[in-house]
Amino acid sequence: MSAAGALATARAAAKAIGPGSRPSLEIAHLTDLFGHGGLGGVAAIGGGGLEIRERAGIPPWGRVRRVRFPYSVFVSAVGKPMPSPTLLENPRLVARVDAAAVEGLTSLRKSPTPAAFLAASERFTDQVRLGPASLERRIARLRRTGASVAQAMFGRAMFAVPRTPEARERLLRALVRERLSAVEVAVLPPSSETL
């Protein structure tokens with residue numbers, strides 16, 4: 001959310017002043033980074049498709065590859081937000097996140113596909129165990145629908161991706177049973193192969 005807020009503010013200011021969208025992307029990234037809101041959310045917002053971060057940040061510091069993602073994504077918030085700055089300042093948590101990310105990122109770079117991303121996301125969720133037990137139980141129940149379900153990295157939020165019409169119907173019924181509000185979003189096609 002901090003990246004979205006920083007980018008929206010920077011783009012609004014850029015529109016009012018007129019310098020174009022590229023400087024607003026850089027300003028939003030630096031604002032999010034130095035404001036301790038996050039490390040890469042602005043780059044994620046910068047284009048469509050599945051984002052594969054090859055180097056953290058936005059160009060010229062970072063490099064992002066984008067791959068077509070043909071599925072819709074259900075997003076649901078489950079409880080109060082988790083403050084990113086506090087979490088990012090915890091060296092033990094950051095070390096746990098880094099350790100869990102290595103395997104998934106290595107496999108994703110070798111096979112940059114939606115299926116590999118979804119499998120890596122679920123493994124990451126299960127290894128880091130950042131969410132409360134109630135969120136973990138809900139994720140487990142929603143996975144029984146056939147959808148891939150994982151936690152948003154720093155939040156009491158999750159996303160679910162059903163890859164068949166039948167899995168989508170089972171997921172919708174499960175969301176109702178769980179009394180979870182969710183938003184279904186389509187993933188835009190990549191704006192370019194790299195950012």
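Would you confirm, using the coordinates I've provided, whether Leu130 is at negative phi, of a type in the set (A, V, I, L, M) and not in a helix (DSSP H, G or I)?
yes
Within region 140-158, can you find the residues that are under 19 Å from Ser107 (Cβ atoms) and outside any strand (DSSP E or B)?
Met153
Regarding Arg156, is this residue closer than 22 Å to Gly79 by Cα, within 14 Å of the chain's Cα centre (by Cα) and touching a residue at least 12 places away in the same chain (Cβ under 8 Å)?
Spelling it out, Arg156 is indeed closer than 22 Å to Gly79 by Cα, within 14 Å of the chain's Cα centre (by Cα) and touching a residue at least 12 places away in the same chain (Cβ under 8 Å).
Tally the residues that are among the small types (Gly, Ala, Ser), modelled with pLDDT of 95 or more and surrounded by fewer than 21 Cβ atoms within 10 Å (Cβ to Cβ), restricting the search to region 136-169.
Within region 136-169, residues that are among the small types (Gly, Ala, Ser), modelled with pLDDT of 95 or more and surrounded by fewer than 21 Cβ atoms within 10 Å (Cβ to Cβ) number 3.
Filter region 58-106 down to the residues that are crowded, with 16+ Cβ neighbours inside 10 Å and among the small types (Gly, Ala, Ser), then identify the one that is farthest from Ser134 (Cα to Cα).
Looking at residues that are crowded, with 16+ Cβ neighbours inside 10 Å and among the small types (Gly, Ala, Ser), I get Gly62.
Results for (1) out of contact with any strand residue (DSSP E or B) (no Cβ under 7 Å at 6 or more places or on another chain); (2) in a loop (DSSP other than H, G, I, E, B), shown as yes or no for each residue.
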| position | (1), (2) |
| --- | --- |
| Ala99 | yes, no |
| Val102 | yes, no |
| Leu105 | yes, no |
| Glu122 | no, no |
| Asp126 | yes, no |
| Arg138 | yes, no |
| Ala160 | no, no |
| Leu171 | no, no |
| Leu180 | no, yes |
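More than 25 Å from Leu142 (Cβ to Cβ) and assigned to a helix (DSSP H, G or I) - does that describe any residue in region 67-87?
yes
The values are calculated or read from the model by the stated rules, or taken from the named source; none is laboratory data. These numbers come from a predicted model, not from an experiment. Here the Cβ is made from the backbone with ideal geometry for all residues, glycine too, and neighbour counts use every protein chain on show.
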